[in-house]
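Only the coordinates and a few stated rules stand behind these numbers; no lab work does. These numbers come from a predicted model, not from an experiment. Because the Cβ atoms are built from the backbone with ideal geometry, glycine has one as well, and the counts that use them run over all protein chains shown.
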Amino acid sequence: MITLALSKGRIFEETLPLLAAAGIEVLEDPESSRKLILPTNQPDVRVVLVRATDVPTYVAYGGADIGVAGRDVLIEHGGAGLYQPLDLQIARCRMSVAVRDDFDYQGVVQQGSRLRVATKYTSIARQHFAEKGVHVDLIKLYGSMELAPLTGLADAIVDLVSTGSTLKANRLVEVERIMDISSRLVVNQAALKLKREALKPLIDAIAAAVGQPT
Ligand code: ATP
Ligand code: MG
């Protein structure tokens, strides 16, 4: 049995065509089903639905053999125990710094003042500001980061941006692009050895579907 960990929403939707290219069809729709384990047309392949941030944990500890996770989530997790053979080029966005449209970000950076930064991505933010030599106080949040600069909780946020319309709707502006983000295939290192016969063709078929040789 091969267990594939996916999160509901964009990652599930954008992974479906890649699975189809490998001959795998998920037999239930996670939006209408309450099940957390979904069967596929292949009796020895099942999908488990977990939170996006839990995908690396499931795969690293063997609760799933393989999964799909964003680069953001993988950096924050650290990636121990995971083999990352493929960038799937799905769920693409960028990690950016944003501030209120009346906040002088460059001024604060140039003066060397402390910056209060709210984010869900504390590792990425810490690393980014350390490289710039900017002293930051990091405030960990789990959602609705856009609210932090509007309420005075923080001067800046580090968050994912795709179109920028959420920032705009909240009078925020993107002042720095930290990195491009897309989702990757992650594989349990032990499973890759023990279940190689089943996993290798699956990884190869997905690689062919995204146009990358393994
Ligand atoms: P939830 O929204 O349920 O709290 P989440 O934010 O972790 O969970 P998603 O919003 O589905 O889950 O995001 C999953 C992954 O998709 C993220 O880790 C990121 O890599 C990517 N992603 C997030 N937001 C966007 C976006 N606006 N456009 C494209 N990709 C995105
Ligand atoms: Mg989200």
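Spin-label model, residue 160/residue 179: points 7 Å from Cα along the beta carbon direction are separated by 1.4 nm.
Subtracting the Cα-Cα distance of residue 13 and residue 131 from 0.36 nm times their residue separation leaves 38.9 nm of extension gain. By definition, a body whose alpha carbon gyration tensor gives a ≥ b ≥ c is rounded when a/c is under 1.5, and the stretch 93-179 falls into this rounded group.
Karplus-based coupling profile of the stretch 201-214, in residue order and whole Hz: x, 5, 4, 5, 5, 5, 4, 5, 5, 9, x, 10, x, 9, with θ = phi - 60° in 6.51 cos²θ - 1.76 cosθ + 1.60 and x standing for Gly or Pro. Considering only alpha-carbon pairs that sit under 8 angstrom and 6 or more positions apart, the relative contact order computed for the stretch 93-165 is 46 percent. Which of rounded, prolate, oblate describes the stretch 110-159, given a ≥ b ≥ c as roots of the alpha-carbon gyration tensor eigenvalues and a/c under 1.5 marking rounded, otherwise prolate only if a/b is larger than b/c? Judged from the Cα gyration tensor, the stretch 110-159 comes out oblate (a/c at least 1.5, b/c at or above a/b).
When the charge dipole of the chain is built from unit charges on Cβ atoms (+1 for Lys and Arg, -1 for Asp and Glu) and taken about the Cα centre, the candidate among 23, 5, 63 whose Cα reaches farthest toward its positive end is 63. For n ≥ 4 DSSP H runs only, could you compute -39500 (n - 2.57) per run for the chain, divide by its residues and tell me the 222 nm figure to the nearest 500? Helix contribution divided over all residues of the chain: -9000 deg cm²/dmol.
Tell me which aspartates and glutamates have Cα within less than 12 Å of residue 140's Cα, excluding those fewer than 8 residues away on the same chain? Of all the aspartates and glutamates, those that pass the test against residue 140 - Cα under 12 Å, at least 8 places apart if same chain - are 159. If only the Cβ of Lys and Arg carry +1 and only the Cβ of Asp and Glu carry -1, the dipole of the stretch 93-179 around its Cα centre is close to 220 debye. One decimal place: the segment residue 27-residue 209 gains 63.5 nm when fully extended, by the rule 0.36 nm per residue minus the C-alpha distance. Annotation: peptides 53-66, 194-207, ranked by per-residue average of other Cβ atoms within 10 Å with the highest first, follow the order 53-66, 194-207.
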